[in-house]
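Inspection log for the structure reproduced underneath, given as structure tokens.
The values are calculated or read from the model by the stated rules, or taken from the named source; none is laboratory data. These numbers were taken from a predicted model, which means no experiment stands behind them. As a convention, Cβ positions derive from the backbone with ideal geometry for all residues, glycine included, and neighbour counts pool all protein chains shown. Accessible surface areas use protein heavy atoms only, side chains included; no ligands, DNA or RNA. Shrake-Rupley method; radii C 1.70, N 1.55, O 1.52, S 1.80 Å.
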Amino acid sequence: MRNGLAAAAALIAVGGAGAQDVAPFGTAYDAGVPTLRQVLGHDFGDEITPPEDALIYLRALAAAAPDRMIVTPYARSWEGRELAYAVIAK
């Protein structure tokens, strides 16, 4: 359950944080926040993003906006992958 919540939080964070190309209602995005394409070379939905690449992107977002986001590791999966959560604030 805990892993599922962390994965859901990461997907929400990744799905919304770099969506500069999709600007509903005239929303303006910070050009200093990298898109998924800039960091990983593909857009959302173009291909499946492996867990380690999702963490790379979360860390790139946190580096671009350290006053608004932190990424904190909390454990390792049974496969040895780092598990982390992101805290995003305005």
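Please indicate, with yes or no, whether at least one residue in the range 68-88 is open to solvent by 90 Å² or more (accessible area, probe 1.4 Å), at pLDDT 95 or above and either charged (D, E, K, R) or part of a helix (DSSP H, G or I) (or both).
Yes: the range 68-88 contains one or more residues that are open to solvent by 90 Å² or more (accessible area, probe 1.4 Å), at pLDDT 95 or above and either charged (D, E, K, R) or part of a helix (DSSP H, G or I) (or both).
Residue-by-condition table, conditions (1) aliphatic (A, V, I, L, M); (2) modelled with pLDDT under 75:
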| position | (1), (2) |
| --- | --- |
| Met1 | yes, yes |
| Ala6 | yes, yes |
| Asp21 | no, yes |
| Leu36 | yes, no |
| Leu40 | yes, no |
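Counting just the residues of the range 45-63 that are open to solvent by 40 Å² or more (accessible area, probe 1.4 Å) and under 22 Å from Lys90 (Cβ atoms), which one comes out nearest to the chain's Cα centre (by Cα)?
The first filter runs over the range 45-63 and keeps only residues open to solvent by 40 Å² or more (accessible area, probe 1.4 Å), leaving 45-53, 56, 59, 63.
From what's left, under 22 Å from Lys90 (Cβ atoms): 59, 63.
Values: Arg59: 7, Ala63: 11 Å.
Among them, the one singled out is Arg59.
I'd like to verify a number: residues in the range 26-66 that are under 14 Å from Ala86 (Cβ atoms) and either in a loop (DSSP other than H, G, I, E, B) or acidic (Asp, Glu) (or both), how many?
Within the range 26-66, residues that are under 14 Å from Ala86 (Cβ atoms) and either in a loop (DSSP other than H, G, I, E, B) or acidic (Asp, Glu) (or both) number 3.
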